[in-house]
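Asks: Okay, handing you the structure first.
The values are calculated or read from the model by the stated rules, or taken from the named source; none is laboratory data. Since the model is a prediction, treat every value here as computed from it, not as a measurement. Cβ placement follows ideal geometry from the backbone for every residue including glycine, while neighbour counts extend to all protein chains displayed. These area figures cover heavy atoms from the full protein model, side chains too; ligands, DNA and RNA do not enter into them. Shrake-Rupley method; radii C 1.70, N 1.55, O 1.52, S 1.80 Å.
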Number of protein chains: 2
Amino acid sequence: ADSALAQRLQHRLDRLTKPTGALGRLEALALQIGLLQGTDRPQLQQPQLMVFAADHGLARQGVSAYPQEVTWQMVANMRAGGAAVNVLARQHGLALTLVDAGVAHDFGAADGLVSAKLGWGTADASSGPAMAPDTAAEALRTGARLLAARPGNAVLFGEMGIANTASASLLLARLAGVPLAQATGRGTGLDDAGLAHKQAVLARCLARAPQASTPLAVLAEFGGFEIGMIAGAMLQAAAERRLIVVDGFIVGAALLLAARLAPAVLDACVFAHHGAEAGHAALLAALGAQPLLGLGLRLGEGSGAALAWPLVQSSLLLLDQMASFDSAGVSDRPA
Amino acid sequence: ADSALAQRLQHRLDRLTKPTGALGRLEALALQIGLLQGTDRPQLQQPQLMVFAADHGLARQGVSAYPQEVTWQMVANMRAGGAAVNVLARQHGLALTLVDAGVAHDFGAADGLVSAKLGWGTADASSGPAMAPDTAAEALRTGARLLAARPGNAVLFGEMGIANTASASLLLARLAGVPLAQATGRGTGLDDAGLAHKQAVLARCLARAPQASTPLAVLAEFGGFEIGMIAGAMLQAAAERRLIVVDGFIVGAALLLAARLAPAVLDACVFAHHGAEAGHAALLAALGAQPLLGLGLRLGEGSGAALAWPLVQSSLLLLDQMASFDSAGVSDRPA
C-alpha cells in the first residue's frame, strides 16, 4: 500500500464535517477503494454484476433440497428478470451479465445469456474428478476473459447451481483445513437427515482424492465450473484494480481458490455479508473478512453483493461530497 | 396483528423463486410493513427524512468533545447540503426537512429550515429542569404537527445537537433503569477523563430530580427539545401507520420516550443500525430491537437511517417484483 496516499485519504476523511471516525466501516471502505484505485478521489464506474451458472454431478447424490433442473429453470427466470438478483440489479443500476458456465440444459441461441459451457454439469465428485485438470485451467481463463470484456471498475459476483454449496464446502475443507462438520451447511434447506447425508457424501469425496491440494487440483477434483470461472474473473479484476464485491458462501469459496493462487486479490475485495449457510463463518474467518451486512441471507445469486452495493457507493459519495470543517466554517474540536 | 393478512403475506413470500426464508431479515421486514399498511401489496411512497436540531444547556458542563456553536454551524452545513445526511438523502431520493427545534442561534428568515424554536437551547439540566412541563408537552405536539404536514408513508428521523447524547443517556437511565455506567458513552469523541466527567454530571442530573418518572416529566427534566419533537412525530407517524426508520442512540432515546407513552409505536419501527455509542446496546435491548446494520457508526443526523433505507426498499421490491415458482415454471422442492 502507498502510505503517502493512505495519509492523504485519511486526512481528507478526518477533515470532513463529522467527528473523527464517526462513519465507522464506511471510512475504512473509502480508504481501501482509494488505495486500490491509487487516488484520493476514488470513483465507481459502470458496476457489473456477473452471475455464473453451472450444474454439479454431486446433485445426483442427493445433497440438495432441490432437484438439479432448478439450475436451468432459475437461469431462465433470471433471463426473464424474475429472480431476486434481477430485482436488486434494477434497483441499484447494476449491469447484469448471466453466464452459462456449464448448465445441464440446452438453452439454444439464447438472448441475455453468455454461453461458455465447459460441460453439461460436472462429473460426480464422489466417484471421480469433477472435471479434467485442463478444464479447471480453462475455467479460470474463461472467467478472466469474460471479466476483461466488461467495462467499469467494480464487479459483483453471483452464482447459480444446484449442489454448489457442496463444492464450496469441499474447497473450504481442503484449501483451509476446515473440518466438514463446520464446513457443511443446509444449502437451500436440507433437514437434519439431509445434512448428515450431505456430510457423509462430502467425506467420501475428500477421501477419494486425498492428494489434491493445489488450487487447480482441488477445483478439478471437487468443482465446479462456475466457481472456477468466478475465481478466474476475480484474479483478472484484481489485476485491473477493479473493486470486487464478494457475495456469500459459494462466491467466497471461489475467492478462497483465487487467493490461494494470488493472495493480493484480497486487497480488491469487499465482503458483502455474513450469511446463514453454516460454513460461511469459517470461510470468512479463513479469508480474514469483515462483511458489511448480516441479514441471515442464504440465497446466493449475488443477492447479498447487490444489497451491499449502496453502502459501497455511500462510502465514496461521502468522501466526495461532504463539506470539510474549513469549507463549511464548522468549529473542530480543540486539538 | 391481522393473522389472515400475515398468512397471505407469508404465503406470497414463500412462493417467490427462492428457498423458504432465504432472504432472511428482508422477509421479516416485508411482512412487518405489509401488516403496518394492512395490505399484501405494501409500497413505500415519498419517504421523508426529518432532522430536528436543538441545543442543550448541559453543554456548559463540558459533556461534549465539541463546542456548542457546532450545533448551529452544522445546521448551516446541512442547509448548504454539505453534511453526511445531505449526501445520503440525495443518494437515496429522501426528501429532507430540517427543523430548528431550539438552537441557540438566530438563523433569520432562513430558507430550507423549519423554525419551531422552543427556546435558545434547553436550560442546564444539572442545576434545574431542562424545560418547563408545558414546553415538554408542546415539543410532542409540535413534532406531531410537523410530521402530519409532510406527505408519504415512511419517515426517517435524524438529529443534531451538541450534548444530546447526554440527554439520551439520562432518558435511557431513568425510563429503562439502565445504570449510567452502561448508558453513558463518548458521544462525538470524549477521552477517558471526559467520559468520567460526563458520567459524574449525569449522575448529578439524575440525583437532582429523583421523582421524575413519567415520560413527560423525564423529558422536561433532562431534555431535549429535538428529542421531544421526534417522540411526538413518531407517535403521529405510528397513528398514521407510516413506517418509521429509527436512526441511532438519540433517535432511539426519543423512541423510548414515545414507546413509554404508546407502546404500539414500536410496531411501526425499523431499526437502522447498531452504533458505536456505548449506551446504544442497552437502548436497543430495552426496545427489543434488532437493527439492520452494524457499521460502527456514531454520527447521528439520521445518517444510519438513510444508509439502511435501500434495504427497506429492497424488501418490498423483492416481494413485488420477484417471480413465483408457478409463474416462472421453477420446480419447488418436494413437499
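Asks: Heavy-atom accessible area per residue, the protein assembly as shown, 1.4 Å probe: how many Å²?
Replies: The answer is 33 Å² per residue.
Asks: Calculate I(q)/I(0) for chain A by the Debye formula, one identical point scatterer on each C-alpha and no solvent, and give its log10 at q = 0.10, 0.12 Å⁻¹ to two decimals.
Replies: Scattering profile of chain A, log10 relative to I(0): -0.56, -0.77.
Asks: Using a Gaussian network model of chain A whose springs link C-alpha atoms within less than 10 Å, name the residue from A:Gln48, A:Gln37, A:Gln211 with the highest mean-square fluctuation.
Replies: Among A:Gln48, A:Gln37, A:Gln211, the largest mean-square fluctuation in the Gaussian network model of chain A belongs to A:Gln211.
Asks: Here's a follow-up. For segment A:48-311, what's the relative contact order in percent, using C-alpha pairs closer than 8 Å and at least 6 residues apart?
Replies: Relative contact order of segment A:48-311: 26 percent.
Asks: Can you give the mean number of other chain Cβ atoms that lie within 10 Å of the Cβ atoms in peptide A:60-69?
Replies: Whole-number average of other-chain Cβ neighbours for A:60-69 is 2.
Asks: Quick one: compute a quarter of the convex hull surface over the Cα atoms of segment A:2-93 and quote it in nm².
Replies: 9.7 nm²
Asks: Would you work out the charge dipole size for the protein assembly as shown about its Cα centre, treating the Cβ of every Lys and Arg as +1 and the Cβ of every Asp and Glu as -1, and quote it to the nearest 20 debye?
Replies: Taking the Cα centre of the protein assembly as shown as origin, the dipole is about 260 debye.
Asks: Determine which lysines satisfy two conditions relative to B:Lys198: a Cα distance under 24 Å, and not lying fewer than 8 residues away in the same chain.
Replies: Within the straight-line limit of under 24 Å, B:Lys198 reaches these lysines: A:Lys18.
Asks: Let me ask something else about it. Take the alpha-carbon centre of segment A:2-76, take the same for segment A:272-299, and report the distance between them in whole Å.
Replies: 13 Å
Asks: If you don't mind, another one. For B:Leu96, list long-range residues whose amide hydrogen, built 1.01 Å from N in the peptide plane, is under 5 Å from its own amide hydrogen.
Replies: B:Leu49
Asks: Also, quick follow-up: Once you sort the root eigenvalues of the Cα gyration tensor of segment B:195-294 as a ≥ b ≥ c, which label holds: rounded (a/c under 1.5), prolate (a/b larger than b/c) or oblate (the other case)?
Replies: Oblate.
Asks: Among A:Pro42, A:Gly228, A:Leu16, which residue has its Cα positioned farthest towards the positive end of the charge dipole of chain A, with +1 placed on the Cβ of Lys and Arg, -1 on the Cβ of Asp and Glu, and the dipole taken about the Cα centre?
Replies: A:Leu16
Asks: Rolling a 1.4 angstrom probe over the protein chains, ignoring ligands and nucleic acids, what is the accessible area of B:Tyr66 in square angstrom, nearest 10?
Replies: About 20 Å², rounded to the nearest 10.
Asks: Let me ask you something else. For chain A, modelled as a GNM with alpha-carbon contacts under 10 angstrom, which of A:Leu171, A:Leu49, A:Leu316 fluctuates the most?
Replies: Of the options given, A:Leu316 has the highest mean-square fluctuation.
Asks: Further question on the same structure: Based on Cα coordinates alone, diagonalise the gyration tensor for segment A:58-104, multiply each eigenvalue by 5, take square roots, and list the semi-axes in whole Å, largest first.
Replies: 25, 11, 9
Asks: For a test of the definition: using alpha carbon positions, the gyration tensor, and the 1.5 limit on a/c, classify segment A:155-237 as rounded, prolate or oblate.
Replies: Here segment A:155-237 falls in the oblate category.
Asks: Right, here's the next one. Which helices, taking whole DSSP H runs in chain A, have alpha carbons extending 27 angstrom or more along the helix axis plus mean Kyte-Doolittle at least -0.5?
Replies: A:303-321
Asks: Next question, about the same structure. Take every residue in peptide A:293-302, count the Cβ atoms of other chains within 10 Å of its Cβ, and give the average of those counts.
Replies: 6
Asks: For the protein assembly as shown, what is Rg from Cα atoms divided by 2.2 N^0.38 Å, rounded to two decimals?
Replies: Here the answer is 1.01, to two decimals.
Asks: For A:Asp320 and A:Ala95, calculate 0.36 nm times their separation in residues minus their Cα-Cα distance, and state this gained length in nm to one decimal.
Replies: Length difference between fully extended and current span is 78.7 nm.
Asks: Cross-link partners among aspartates and glutamates for B:Lys117, C-alpha distance below 12 Å, same-chain residues fewer than 8 apart left out?
Replies: Within the straight-line limit of under 12 Å, B:Lys117 reaches these aspartates and glutamates: B:Asp55, B:Asp100, B:Asp106, B:Glu138, B:Glu226.
Asks: How much accessible surface does A:Leu58 have with a 1.4 Å probe, in Å² rounded to 10?
Replies: 10 Å²
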